[in-house]
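I have placed the structure first, in the form of structure tokens, so that the comments after it can refer back to it.
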Amino acid sequence: MTTPANDILVRARGLTFKRGNRYIFNNIDLDIQRGKITAIMGPSGTGKTTLLRLIGKQLKPHGGSIEIDGQALAKLSTRELYALRKRMGMLFQNGALLTDLNVYENVAFPLREHTRLPESIIRHLVLMKLQAVGLRGARDLSPSELSGGMARRVALARALVLDPMMMMYDEPFTGQDPISLGVLVRLIRSMNDALSLTSIIVSHDIQETSSIADYIYILSDGCVVGQGTPEQLKQTDSAWVKQFLNAESDGPVPFHFAAPDYRADLLGG
Amino acid sequence: MILDGLQSVGRTTLDVFSKFGRAHLFLLHTLAGVPSLFVRWRLVVSEVYSLGVLSLTIILVSGLFVGMVLGLQGYNTLVNFNATEMLGVVVSLSLLRELGPVLTALLFAGRAGSALTAEIGLMKATEQLSAMEMMAVNPYKRVIAPRFIGGLIAMPLLAGIFSAIGILGGHLVVVELLQVDAGAYWSQMQDTVELFDDIGNGMIKAAVFGVVVTWIAVFEGYDCIPTSEGVSRATTRTVVNASLATLGIDFILTALMFSDV
Ligand SMILES: Nc1ncnc2c1ncn2[C@@H]1O[C@H](COP(=O)(O)OP(=O)(O)OP(=O)(O)O)[C@@H](O)[C@H]1O
Ligand SMILES: [Mg+2]
């Protein structure tokens with residue numbers, strides 16, 4: 001890529017991460033451009049969630065480096081890390097709402113923790129974000145009374161309430177009906193442009209993702225197997241990318257978790 | 001065979017030591033989170049409520065019955081020596097020095113400790129703790145420290161209530177039922193029980209148990225394997241370990257406090 005350095009918000013170089021002896025990432029390079037929506041795609045279990053956790057420094061890489069906004073993650077003190085995290089929003093795969101607080105208090109939580117705003121302003125901000133995800137009427141429900149898709153939308157409102165510079169969405173589209181899906185896609189796009197956010201979307205949803213992503217990385221087996229704008233990827237001649245984008249079951253992308261030979265395994269029991 | 005045995009002994013020993021290390025690091029992090037509670041005192045209040053106030057029923061009922069049983073058993077023995085006026089002393093000293101703090105700690109481990117472990121374990125399993133970290137909120141400050149301090153405050157209060165209601169239970173049986181003179185029951189107690197030696201030491205015990213039980217409970221929750229099975233095991237471990245720790249520490253404290261050697 002030929003983008004000037006300061007256009008890159010997240011820069012991973014030689015990133016290596018292992019679980020046991022298995023490489024989840026083996027020496028990969030990755031750039032997330034500022035102000036753009038970058039999608040991370042790949043088969044289930046390739047480490048997309050892990051990548052987001054590495055970017056949030058909830059996990060530490062075994063090799064390589066990650067820089068966010070020019071700051072090397074490995075060198076940050078706890079205080080600096082927390083300051084950085086205040087500027088990052090993350091939508092967890094299952095929402096991860098705080099179960100002892102209701103919807104309203106969940107969204108208000110970051111405000112109450114990090115600001116000294118008067119109650120009237122907090123109320124204003126919370127209702128605005130809940131309105132954006134269509135759940136203003138659900139403010140008094142507790143998380144156990146929400147469906148999975150609703151919980152994820154509340155979590156989205158919560159992640160946005162501090163107006164971060166960067167948003168990470170882990171599977172924002174799963175569990176949404178066609179209408180809320182459309183709203184979500186437009187919401188993510190319009191917020192990204194209006195607030196000049198930088199967004200990272202992890203998703204399996206090829207259609208929706210290619211419709212809003214500016215740049216796509218396809219991961220598999222610890223490596224980046226394809227990258228480019230959605231158009232570039234459609235015209236690629238890489239067998240990996242073709243198989244993934246067209247959802248074919250035969251091809252180089254493994255559906256199976258690493259395992260010994262099937263026949264030998266069956267006979268060996 | 002022998003090698004296997006040795007290996008598993010070695011592994012278990014290592015596991016135990018590394019768990020001990022983690023538990024102490026955990027305590028350090030928790031204590032570091034305590035100063036921030038001056039701003040979040042409301043969290044502590046709500047923990048004292050859910051750990052303390054909600055444990056009141058079991059503490060009151062148990063305390064009452066233990067006091068009544070003490071009165072009954074003491075009467076059966078002392079009546080042979082015509083010493084039933086000493087019953088007030090027997091009941092109150094047993095409760096204040098031993099049974100109050102120890103039984104309260106055991107009940108507290110079962111009622112509040114298990115709940116603490118399960119709650120924190122589930123927060124971990126459902127990624128609530130991770131989510132807090134990503135929102136730049138330190139879970140040690142927001143979740144662990146308030147529960148730890150809440151337990152420390154609740155436990156001695158509960159032990160005090162246990163002993164008090166136990167002495168009343170003793171009164172019910174000894175004075176009302178067995179017709180021992182009420183003046184003897186109370187005045188002997190007043191003459192014998194020392195503020196610092198008996199009540200004070202009992203409260204020190206209760207405070208120590210409070211630290212140990214709450215520490216074990218929050219640590220087991222935080223350290224659990226984040227699955228339903230992991231949480232359920234951690235809950236069991238909390239009750240077992242906290243009870244054993246209470247009884248072991250009680251022996252040591254009793255030896256230090258009440259032996260005249
Ligand atoms: N706590 C853990 N301990 C050991 N291995 C883990 C742990 N968490 C994840 N893994 C492994 O890391 C790999 C990557 O997991 P990750 O959750 O990042 O996958 P993913 O790409 O997000 O998958 P999905 O699309 O299904 O959410 C998985 O193969 C999993 O086996
Ligand atoms: Mg995932």
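A few points about this structure:
- Of the candidates A:ASN106, A:ASN192, A:ASN102, the single residue that is away from ligand 2 (no atom under 16 Å from the Cβ), polar (S, T, N, Q), open to solvent by less than 10 Å² (accessible area, probe 1.4 Å) and away from chain B (no Cβ under 14 Å) is A:ASN192.
- Restricting B:LEU43, B:LEU28 to those that are in a helix (DSSP H, G or I) and open to solvent by less than 70 Å² (accessible area, probe 1.4 Å) reduces the list to B:LEU43.
- Among residues of region A:150-175, those that are free of Cβ contacts under 8 Å to residues at least 40 places away in the same chain and away from ligand 1 (no atom under 16 Å from the Cβ), counted: 3
- Conditions (1) within 24 Å of the chain's Cα centre (by Cα); (2) open to solvent by 60 Å² or more (accessible area, probe 1.4 Å); (3) within 11 Å of chain B (Cβ to nearest Cβ): number failed by A:HIS114: (2)
- Pick from region A:61-99, criterion polar (S, T, N, Q) and within 13 Å of chain B (Cβ to nearest Cβ), ranking: farthest from A:ILE24 (Cα to Cα): A:THR99
- Residue in region A:165-176 that is open to solvent by 50 Å² or more (accessible area, probe 1.4 Å), of a type in the set (A, V, I, L, M, F, W, C) and away from chain B (no Cβ under 13 Å) present: no
- Flag if B:VAL61 is within 14 Å of another protein chain (Cβ to nearest Cβ) and β-branched (Val, Ile, Thr): no
- Any hit, region A:24-35, residues being within 16 Å of ligand 2 (Cβ to nearest atom), open to solvent by 20 Å² or more (accessible area, probe 1.4 Å) and not in a strand (DSSP E or B): no
- Sub-7 Å Cβ pairs linking a first residue in region A:43-62 that is part of a helix (DSSP H, G or I) to a second residue that is within 11 Å of ligand 1 (Cβ to nearest atom) and of a type in the set (Val, Ile, Thr), at least 6 apart or interchain, are A:LYS48/A:ILE40; A:LYS48/A:VAL202; A:THR49/A:VAL202; A:THR50/A:ILE24; A:LEU51/A:ILE40; A:LEU52/A:VAL202, ordered by first then second residue.
- Elements of type strands (runs of 3 or more DSSP E) contained in region A:191-246, each with 2 or more residues being over 17 Å from the mean Cα position of the chain (by Cα) and within 16 Å of ligand 1 (Cβ to nearest atom): A:223-228
- Filtered residues of region B:85-110 (kept if farther than 28 Å from B:VAL240 by Cβ and open to solvent by 30 Å² or more (accessible area, probe 1.4 Å)): B:GLU85, B:MET86, B:VAL90, B:LEU93
The values are calculated or read from the model by the stated rules, or taken from the named source; none is laboratory data. Remember, it's a predicted structure, so these values are computed and weren't measured experimentally. Using ideal geometry, Cβ is built from the backbone for each residue, glycine included, and neighbour counts are taken over all protein chains shown. Remember, those area values only see protein heavy atoms, side chains included, never the ligands or the DNA or RNA. Shrake-Rupley method; radii C 1.70, N 1.55, O 1.52, S 1.80 Å.
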